[in-house]
1. Of the conditions (1) surrounded by 14 or more Cβ atoms within 10 Å (Cβ to Cβ); (2) more than 12 Å from the chain's Cα centre (by Cα); (3) outside any loop (DSSP other than H, G, I, E, B); (4) at pLDDT below 95, T14 fails just one. Which one is it?
2. So for the range 76-97 (the condition being surrounded by 16 or more Cβ atoms within 10 Å (Cβ to Cβ) and under 13 Å from F37 (Cα atoms)), does at least one residue qualify?
3. Tell me, yes or no, whether the range 68-76 has at least one residue that is β-branched (V, I, T), closer than 22 Å to N117 by Cβ, out of contact with any Phe, Trp or Tyr (no Cβ under 6 Å at 6 or more places or on another chain) and in contact (Cβ under 8 Å) with a residue 40 or more places away in the chain.
4. Given the conditions (1) closer than 14 Å to I81 by Cα; (2) not in a strand (DSSP E or B), which single one is not true for L5?
5. For the range 21-37, enumerate the residues that are surrounded by fewer than 18 Cβ atoms within 10 Å (Cβ to Cβ) and out of contact with any Phe, Trp or Tyr (no Cβ under 6 Å at 6 or more places or on another chain).
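The values are calculated or read from the model by the stated rules, or taken from the named source; none is laboratory data. Because the structure is predicted, anything quoted here is derived from the model rather than measured. Ideal geometry is used to build each Cβ from the backbone, glycine not excepted, and the neighbour counts take in all protein chains shown.
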Amino acid sequence: MGLVLWIDQNTFATALLEKVFKTQKMEFYTVASAKDFSYLVDDLKPQVLVLDASTAVSELDSFKRQYEASEALKTLPVILIEGSDELNFLGHVIGKLERPFDPFQIPEKLQQFLSEN
């Protein structure tokens, strides 16, 4: 699996996930805000974006502007954590994670979503 870009304001959970991914020698990059991240899609070229719905909705205007302005972001597979009707504009959602989840099972779950799509 290529780079996972994870956007989630829950820094405790993402720190644990980062350790899981690094231990398995998998690429993982996280940010705690959806306010200014689209340049990372262009620079890092992730294979998948994992997006916490509440993080995106808390900065929805900024997130939506970035999404609409980025062709790379529009074609990037997205896996939502939880979900929100306010994010129905996302075009390439390939899966959904529900909290609570076992961080040690996340790499396998993401790979499963990617292989099914």
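1. (2)
2. Taking every residue of the range 76-97 in turn, none turns out to be surrounded by 16 or more Cβ atoms within 10 Å (Cβ to Cβ) and under 13 Å from F37 (Cα atoms).
3. No, because not a single residue in the range 68-76 is β-branched (V, I, T), closer than 22 Å to N117 by Cβ, out of contact with any Phe, Trp or Tyr (no Cβ under 6 Å at 6 or more places or on another chain) and in contact (Cβ under 8 Å) with a residue 40 or more places away in the chain.
4. So the condition that L5 fails would be (2).
5. Passing the criteria: K22, T23, Q24, K25, M26, E27, Y29, A32, S33, K35, D36.
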